[in-house]
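Here, each number is a calculation from the coordinates, and none is a lab measurement. Fair warning: this is a prediction, and the values are worked out from it, not measured in the lab. Using ideal geometry, Cβ is built from the backbone for each residue, glycine included, and neighbour counts are taken over all protein chains shown.
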Amino acid sequence: MGKLQLADVENEYKKFPDLKREDVQKIREWMEKQPHLPKISDLEIILFLHSNYHRIEPTKKTIDENYTCRTHVPEFFANRDITGTEMKTALDIVVIVPLTIPTKDQYTVLYGKLLKSDATDFSFESCLKFLLMIADVIQRESGAVHGYTFVLDMEGVTMGHVARLTISTIRKFLHFLQEAMPVRLKGIHLTNVVPFIDKILMLIKPFMKKELLEILHLHSKPETLYPFVQKECLIKELGGNAGSLMEIQKTFNQHMVDNRDFLIQLEKVKADEKLEAILFLHSNYYKMEATKTAIEAYYTLRSTVPMFFTKRSAQEPGTKRAIDTLYGTILPKPTIENHVVVYGALKDFDTANFDIGEIFKLMIGVTDVQFLENGAADGYRIVIDMKGVTFGHVGKLSVAALKNFLVYLQDAMPIRLKGLHFASVPSFMDIVLGLLKPFMKKELMGMLYLHPTYEHMIPYFGKECLPSDCGGESESREELTEKCFGHIKELHDYFVEEEETRRIDESKRAASKNAGGGLSGIMGSFRKLDID
């Protein structure tokens, strides 16, 4: 097989008529505006486009997720020398190969099996790393394909192997598989399933979306696999006609060794670690002094406003209450102007459970995760849906919380804010604005929108952007909130570490530094918001 022979790009266009050159160019132009992303080839863009059925916005998200994972998950994407100790050990323990004949549906089949039943040297992480290395090679050689089917032969799997599975590794792998891997996955088949398969499924199911669960199939014997993967595709060991496993393994493992240099070089292709600096530069339209001021304000606020920046984990009582009280999410589709939408609304109308400080804290956490996972965006619009808000809620608004939030939003948040929208505005909205306006600069006042009805919002957002129960075509607020807050609940360790490590030491601030303004330690000058 020898060295890597890249698929021919022109042939990709011939294979898939739905693949358009202008779509590849759109993705290329978008990537050029994302300074944290690496430069990639047209072939790689085609793989991402094809895996997302040629939809532009999902393709962008998959690309961003892919290279973010390659940066932040070293257990899969670092130390990939196929001749190194780790990989040599993995190759002695597991066989993973692409089978030579596709299924009748033209799906490429990846087959995996343990070579040793002794779990002493078994490393789940190393086996998954090897699988992803194989995917990197065969995708670039084969180009886009109609789909992939994975067959895992469980012969030889013991409870000793199960004991070596880690929740963290399972979660990271399934996230990459479902959110970042440029493949059309058509089936996962476990054959020769073990009696304790229920225990394995208990570990993996919490991280599997329904779409993945729907293509998971269990087979007690190889014969029930044949309707999905025909005998002519399968190895002799599974009753097939496509050669012996050892022959295929020997040839393919040598092919992987032949491409050692490519796999090592690929380790360098990842998202730029200076992502946060890019976020601040981008949000300030690449103006250096404004960027410095925003960074200063950002970290000063995180150090001096505990109401928003301490006890942020979803395990904290205040955050739990906010989660129970609120519909909150980043809407999955951007606006017609490609702006990200942050949406919040009351779910529980009881004023006894309403705490504006905890709600602001929760939604700031949601936006933090959005920045770090998705990078810079063309713009942001914040929607505060006032459905269910009563004068009793207004009476519980804290002036300090309102002031602190508006200082953070205007002086420190690394976003290009394009609109602050109030939906379902009540008759007493003038009283609410009376509380807000003293802390709003003219730039923010210029992008303030009041919407009496959901229909009034559609020209700004588009129906496909808005939740179904807000007159739109997206999922319901309940469904979107469940996904969003479910992810926040998974990030306990991130929020704890962020609070411990990402603060400034005010005692070391230079005495001559002018840290005045609306808050102690906050730069008083408001960063210029360019309207474009």
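The local environment of CYS465, defined by Cβ-Cβ distances under 9 Å, has a net charge of 0 under the rule Lys, Arg +1 and Asp, Glu -1. Give, as a single signed number, the net charge of other residues whose beta carbon lies under 15 Å from the beta carbon of ASP350, with Lys and Arg counted +1 and Asp and Glu -1. Net charge in that neighbourhood comes out at 0.
Summarise the long-distance tail of P(r) for the range 241-386 by giving the % of C-alpha pairs beyond 26 Å.
Counting every Cα pair in the range 241-386, those more than 26 Å apart make up 49 percent.
For the chain, the longest principal axis of the C-alpha atoms and the axis of helix 21-32 are separated by about 60°. For the chain, the longest principal axis of the Cα atoms and the long axis of helix 492-501 meet at an angle of about 60 degrees. Applying the Karplus relation 6.51 cos²θ - 1.76 cosθ + 1.60 with θ = phi - 60° to the range 94-111 yields 3J(HN,Hα) values of 9, 10, 9, 9, x, 6, 7, 10, x, 6, 5, 8, 6, 8, 6, 10, 9, 10 Hz, where x marks Gly and Pro. Each Cα pair under 8 Å and six or more residues apart adds its sequence gap; the mean of these over the residue count of the range 434-478 is a relative contact order of 20 percent. The stretch between LEU6 and GLU232, if pulled fully straight at 0.36 nm per residue, gains 78.7 nm over its current Cα-Cα span.
Taking 25 Å as R0, compute the FRET efficiency from the Cβ-Cβ separation of SER168 and GLU482 and round it to 0.05. The value I calculate is 0.65.
Between the helical axis of 42-51 and the longest alpha-carbon principal axis of the chain there is an angle of about 80 degrees.
Measuring between alpha carbons in the structure, the pairs from LYS270/LYS361; LYS113/LYS199; LYS116/LYS250; LYS172/LYS347 lying more than 23 angstrom apart are LYS270/LYS361; LYS172/LYS347.
Take every pair of alpha-carbon atoms less than 8 Å apart whose residues are at least six positions apart; their mean separation over the length of the chain yields a relative contact order of 14 percent.
Sequence-ordered 3J(HN,Hα) estimates for the range 431-436 from the Karplus curve with 6.51, -1.76 and 1.60 and θ = phi - 60° stand at 5, 4, 5, x, 6, 7 Hz, glycine and proline given as x.
Each label was represented as a point 7 Å from its Cα along the Cα-to-Cβ direction; for GLN254 and LYS287 these points are 6.4 nm apart. Give me the number: length gained by fully extending LYS463 to LYS88, i.e. 0.36 nm times residue separation minus the C-alpha to C-alpha distance, one decimal in nm. Value of the extension gain: 129.7 nm.
Please enumerate, by chain and number, the lysines with C-alpha under 18 Å from the C-alpha of LYS20, excluding those fewer than 8 residues away in the same chain. Within the straight-line limit of under 18 Å, LYS20 reaches these lysines: LYS60.
Neighbours of LYS396 by Cβ distance under 15 Å: Lys/Arg scored +1, Asp/Glu scored -1, total -3.
For the range 361-482, what relative contact order do you get, as a whole percent, if you take Cα pairs closer than 8 Å and at least 6 residues apart?
Here the relative contact order equals 22 percent.
Computed over the chain, the per-residue total of -39500 (n - 2.57) for DSSP H runs of n ≥ 4 gives a 222 nm mean residue ellipticity of -13000 deg cm²/dmol, rounded to 500.
Amide H contacts for VAL94 (H built 1.01 Å from N in the peptide plane; partners 5 or more residues away or on another chain; cut-off under 5 Å): LEU115.
3J(HN,Hα) along the range 309-323, derived from phi through the Karplus expression 6.51 cos²θ - 1.76 cosθ + 1.60 where θ = phi - 60°, amounts to 10, 10, 6, 9, 4, 5, 7, 6, x, x, 5, 4, 5, 5, 4 Hz, with x in place of Gly and Pro. The stretch between ASP350 and ARG502 holds 51.2 nm of extra length on full extension. This uses 0.36 nm per residue minus the Cα-Cα distance. Under 11 Å from the 7 Å Cα→Cβ point of LYS442, by amide nitrogen: which residues of the range 386-418? Backbone N within reach: none found.
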